[in-house]
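Here the structure is laid out as structure tokens; the discussion comes afterwards.
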Amino acid sequence: MNKLTPILLSGILLFGAAACSEGAKTSPDAPNSTTENTTSPPPAENVQKTQGDATSEIRRAQANSDIRAREQRNNVTGGDAIRADGDIQSEVRSKLEVNITQGALTVDAKDGLVTVGGTVPNQTDLAKIEPLAKEIKGVKDVNVTAVVAPAAPASPSSNQ
């Protein structure tokens, strides 16, 4: 049984990595890839909805729990030496989602290099991206292609 456990966990990690081959997004308005040149901000009503979800204590606790669970699973299957790109990508996305609540970010990870694209509302949030991403085990370097773009004003019809 002890020999079967690493094989099963490796299979789960492989499946997870294949399922997470696209960039992880912090909001529905985030670009589909980190290479898209997005300078248009999301509408204000979408930002408020995403911010409300990301700032809830339940969501913050869930994101932190997910990160801890992935790190514990990784320690069982190979420690810090071997990190699945999908795990790194997902952990960085979770970390950014709960710490940069008004951003529309997309995260990609490949061999420890994390690329973060999309938009944030201000320079302060842009400066937070790299240090937050580097808090995740397995992140070797961070390439930030995100830009500052304040949220667009709410449309008149959404205030009814």
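Worth pointing out:
- Residues (out of contact with any helix residue (DSSP H, G or I) (no Cβ under 7 Å at 6 or more places or on another chain) and either touching a residue at least 24 places away in the same chain (Cβ under 8 Å) or hydrophobic (A, V, I, L, M, F, W, C) (or both)) located in the stretch 113-139: Leu113, Thr115, Gly117, Gly118, Thr119, Pro121, Asn122, Gln123, Asp125, Leu126, Ala127
- Within the stretch 94-112, the set of residues being of a type outside the set (Gly, Ala, Ser) and either touching a Cys at 6+ places or on another chain (Cβ under 8 Å) or in contact (Cβ under 8 Å) with a residue 40 or more places away in the chain (or both) comprises Lys95, Leu96, Glu97, Val98, Ile100, Thr101, Gln102, Leu105, Thr106, Val107, Asp108.
Read the figures in this text as sums done on the coordinates, not as results from a lab. This one's a predicted model, so the numbers in the text were calculated from it and none came from an experiment. For neighbour counting, all protein chains shown are included, and Cβ atoms are generated from backbone atoms with ideal geometry for every residue, glycine included.
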